[in-house]
Amino acid sequence: MTSSEKLIHVHSVAEAYLYLMTLRCPRCGRGPVQSSQDLTKTSDHEPAWRMPTRCGACEHLSAIQFEIKPEPTREAARSDCINPTGERSSAIDVLGWLTLFQSIIAASERESDRAAARQLAREAAQCLDEALKFYGDAGELPGDDAFFTEESRRRFREHPHHFARSTWLQRRLMLPEMKWTTTVARPRRWWQFWRGGR
């Protein structure tokens, strides 16, 4: 996946940062692509939020423009809720969500602080819930429209068994059921666990 100058539609600040984690650098094709500054609203009269980025491999500087709907309040911008709606993502495809789930749950298992580990498990569970939105009511495999790039479609063609709905539903059942809150109990920039901070 590569970044683009088009406006990226997301459902929360959290989803914007997760989208960033799925990107490859548009210059070198590697990464990781990281935020060089916080996501900020460009204007009260514009729908776009802007996130300056830097490639960890080649140092290429860029920026991503986001539209966040529903428009977050200051409190909602710090929420642990990735998607407060029933809509599926138009920014991150099913492969992206499954990859994020695996990465975040692995981070949770490595975390020595129990509260932090539970928080990461919450975030991983939400990523898996987002992935499952791409499956039909009874379908075992996602449809063609669940993949946004040729690379994702190729992965699906080569390894369809990796996308079996029953496998991911079983993984979801292994995670504790939690009531999602609108705010984080211990406010933090939760996406910073990728950098080793909280």
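The values are calculated or read from the model by the stated rules, or taken from the named source; none is laboratory data. Worth saying up front: this structure is predicted, and the values here are computed from it rather than measured. Virtual Cβ from ideal backbone geometry, glycine too; neighbours counted across all protein chains shown. Ligands, DNA and RNA are stripped out before the accessible areas are found, and what is left, the full protein with its side chains, is counted by its heavy atoms. Shrake-Rupley method; radii C 1.70, N 1.55, O 1.52, S 1.80 Å.
Here are the numbers:
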| quantity | calculated |
| --- | --- |
| Within segment 123-146, considering residues that are under 16 Å from Pro160 (Cβ atoms) and not small (Gly, Ala, Ser), the one surrounded by the fewest Cβ atoms within 10 Å (Cβ to Cβ) | Asp144 |
| From Arg153, Arg157, Arg88, Arg118, residue being open to solvent by 70 Å² or more (accessible area, probe 1.4 Å), modelled with pLDDT of 95 or more, farther than 21 Å from Val10 by Cα and under 19 Å from the mean Cα position of the chain (by Cα) | Arg153 |
| Meets criteria (open to solvent by 40 Å² or more (accessible area, probe 1.4 Å), touching a residue at least 24 places away in the same chain (Cβ under 8 Å) and under 25 Å from Ser103 (Cα atoms)) for Ser79 | no |
| Any hit, segment 171-181, residues being exposed (fewer than 12 other Cβ atoms within 10 Å of the Cβ) and at pLDDT 70 or above | yes |
| Unique residue being of a type outside the set (Phe, Trp, Tyr), closer than 21 Å to Ser152 by Cβ and either surrounded by fewer than 16 Cβ atoms within 10 Å (Cβ to Cβ) or under 14 Å from the mean Cα position of the chain (by Cα) (or both) when the list is Ala16, Ala57 | Ala16 |
| Residue tally, condition modelled with pLDDT under 90 and open to solvent by 70 Å² or more (accessible area, probe 1.4 Å), over segment 42-54 | 3 |
| Residue count for segment 143-161, restricted to those that are touching a residue at least 40 places away in the same chain (Cβ under 8 Å) and either under 18 Å from Glu130 (Cα atoms) or of a type in the set (S, T, N, Q) (or both) | 6 |
